[in-house]
1. Looking at the structure I just gave you, is Tyr421 at pLDDT 95 or above and farther than 22 Å from Tyr354 by Cα?
2. Search segment 503-523 for residues being closer than 11 Å to Lys558 by Cα and in a helix (DSSP H, G or I), and hand back the single one that is most open to solvent (accessible area, probe 1.4 Å).
3. Given the options Gly321, Gly343, name the one that is without any contact (Cβ under 8 Å) to a residue 12 or more places away in the chain and open to solvent by 20 Å² or more (accessible area, probe 1.4 Å).
4. Going by what's in this entry, would Leu209 be described as touching a Lys or Arg at 6+ places or on another chain (Cβ under 7 Å) and in contact (Cβ under 8 Å) with a residue 40 or more places away in the chain?
5. Quick check on Phe500: is it among the aromatic types (Phe, Trp, Tyr) and open to solvent by less than 50 Å² (accessible area, probe 1.4 Å)?
6. What number goes with the only condition from (1) over 30 Å from Val408 (Cβ atoms); (2) surrounded by fewer than 19 Cβ atoms within 10 Å (Cβ to Cβ); (3) among the hydroxyl-bearing types (Ser, Thr, Tyr) that Ser495 does not pass?
7. Tell me which of these Leu143 doesn't satisfy, since it passes every other one: (1) open to solvent by 20 Å² or more (accessible area, probe 1.4 Å); (2) without any contact (Cβ under 8 Å) to a residue 40 or more places away in the chain.
8. Check Glu62 against each of (1) of a type outside the set (Val, Ile, Thr); (2) surrounded by 15 or more Cβ atoms within 10 Å (Cβ to Cβ); (3) in contact with a helix residue (DSSP H, G or I) (Cβ under 7 Å, 6 or more places away or on another chain) and name the one condition it does not meet.
Amino acid sequence: MKQGVIEKVSGPLVVARGLTDAKMYDVVLVSEHRLIGEIIELRGEKASVQVYEETGGLGPGEPVFSTGAPLSVELGPGLVESIYDGIQRPLDAIRAATGDLIHRGVSSPALRRDRHWGFTPVAAPGAAVLPGDILGTVQETELVLHRVMVPPEVSGILVSVEAGDFTVEDTIGVVKTAEGREVPLTLMHRWPVRRSRPYVRKIPPSAPLVTGQRVIDTFFPLGKGGTGCVPGPFGSGKTVIQHQLAKWADADIIVYVGCGERGNEMTDVLMEFPELIDPKSGRPLIRRTVLIANTSNMPVAAREASVYTGITIAEYFRDMGYSVAVMADSTSRWAEAMREMSGRLEEMPGEEGYPAYLGTRIAEFYERAGRVTCAGSDGREGALSVVGAVSPPGGDLSDPVVQATLRVVKVFWSLEDKLAYKRHFPAINWLTSYSLYTRNLDPYLRETLGDEWVAMREAAMALLQKEAELEEIARLVGVESLSAGDRLILETARSIREDFLHQNAFHEEDTYTSLNKQKVLLSLIMHLHERMKEALAKKSDPGRLFALKVRERIARAKFMPERELDGIADIKSEIDLEVDGFLAMAKSDILSTRGETR
């Protein structure tokens with residue numbers, strides 16, 4: 001291990017000299033405490049190191065040891081249900097060793113070395129194997145079958161493979177390469193976090209990542225393998241949205257990265273996930289989740305490592321053929337860490353002090369998402385979806401981090417504090433948000449929900465847009481001065497907002513809504529709209545028409561259990577009965593009035 005010495009210490013930045021043959025992004029161990037750091041700049045014989053631990057008390061002359069290897073993560077059985085810090089140290093193991101506070105220089109293997117896993121081979125000796133080919137399986141949890149793959153950059157003839165109980169370091173097989181070298185295979189391997197894992201090709205997303213959140217799935221869907229961002233000011237519900245997506249998104253694996261957020265928010269995740277039940281399997285959600293906690297009181301520099309650690313673990317499960325979703329909360333904290341390190345490196349600042357390469361780094365992160373044909377000879381597909389929360393100061397969407405993110409992602413869920421103050425959650429503004437995956441996903445939605453779904457969705461959005469125009473007029477002249485048709489638009493749009501888009505994350509039934517239930521709920525509102533339009537065309541009294549009792553049942557329909565969808569569908573018959581009854585009564589009133597006149 002080559003050794004240099006510290007020349008300067010500036011917060012999380014350490015400048016060392018004497019590290020000959022060092023390369024960019026090599027991991028170094030700083031001082032006798034062996035603090036983990038990463039080389040981020042080389043100038044002659046001087047290396048600038050960002051240290052991922054507290055540097056207080058360090059000074060010039062102390063040693064720096066180069067490992068000669070890049071920052072890497074351990075990939076193998078044991079990742080699921082784990083909670084790591086930004087550099088993949090298991091927090092439960094560190095707590096057992098040091099107590100509630102993380103001591104400097106403490107380290108622990110990311111994957112337990114003493115646990116045995118039952119390995120079942122699926123590949124046979126003598127077979128030619130490529131990088132990514134599946135050697136066998138390990139039942140990691142009840143929800144995750146861990147597929148042990150040939151590591152990238154290893155190929156040849158499988159000389160041997162054994163079944164049995166192994167630790168992650170035990171040899172389970174041997175591959176003989178074309179050069180005649182025998183490579184031992186284990187349940188785990190390491191991969192540099194800044195390098196994308198290889199795949200065959202990317203494929204456009206064709207199926208939605210169903211989240212159970214009506215405003216998202218209906219109007220602004222995210223494709224499996226897509227990218228989205230949730231910007232918004234403090235208190236608008238970014239973290240709640242991320243938690244909801246992590247809980248209910250239609251993904252096989254969830255990787256939740258708490259990047260610089262408050263510790264209590266990660267505590268909520270830790271407390272809730274073991275108790276929450278996966279709607280698909282009936283098992284605890286934690287059984288398919290990996291948590292990376294890099295909270296606001298941890299060293300700033302470690303925020304950069306945490307997002308790369310999270311995306312690399314997610315790519316690993318994607319390569320198994322799974323649908324994986326990464327929740328990064330929030331990328332603004334990562335950008336702030338980049339700004340601090342750039343300032344300490346005395347680089348030329350860009351807009352608002354952020355480094356000039358901010359957009360490039362953000363793009364490199366999000367472009368690792370995608371639906372792909374995985375490496376390997378079986379042609380399996382995997383998908384990696386990424387949703388990043390962005391926390392611009394004061395909710396200013398012109399913030400450089402927001403703008404750099406929007407140039408890359410294809411879904412924009414615009415959170416508004418005005419909606420949050422009105423207690424409308426999710427506080428996603430339906431007029432400013434967008435999804436560029438909508439047209440790609442329409443064939444899937446037509447096949448799943450029927451051709452009428454797309455037309456109904458577009459009609460509902462048109463009503464919401466028309467409502468925004470009419471509200472300005474209504475403020476000036478009053479609602480009563482509007483035409484009956486315009487008043488109907490306002491009434492129906494209000495019903496869409498309050499009875500469909502508004503969703504209670506803490507209600508047992510309302511927290512998650514299947515696509516089928518979303519269709520039924522929206523169809524009720526739109527069916528009532530069409531019947532009321534028909535009634536108004538016959539000169540009915542708008543005030544009495546808008547007071548129909550069935551509207552109360554429509555408002556309560558979202559709280560009905562999924563298993564009672566037939567009961568929701570019955571409301572449509574009640575709508576017809578009430579409207580027909582209203583029309584008959586109105587006709588009778590007209591006839592009686594004419595009789596009295598005569």
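1. Criteria not met by Tyr421.
2. So the residue we want is Val520.
3. So the residue among Gly321, Gly343 that is without any contact (Cβ under 8 Å) to a residue 12 or more places away in the chain and open to solvent by 20 Å² or more (accessible area, probe 1.4 Å) is Gly343.
4. yes
5. Yes; evaluated as a whole, the condition is true for this residue.
6. Every condition holds for Ser495 apart from (2).
7. The failed condition is (2).
8. Here Glu62 clears every test but (3).
The values are calculated or read from the model by the stated rules, or taken from the named source; none is laboratory data. Remember, it's a predicted structure, so these values are computed and weren't measured experimentally. Note that we place each Cβ from the backbone using ideal geometry, even for glycine, and neighbour counts take in every protein chain shown. Protein only, heavy atoms only, side chains kept; ligands, DNA and RNA dropped before computing areas. Shrake-Rupley method; radii C 1.70, N 1.55, O 1.52, S 1.80 Å.
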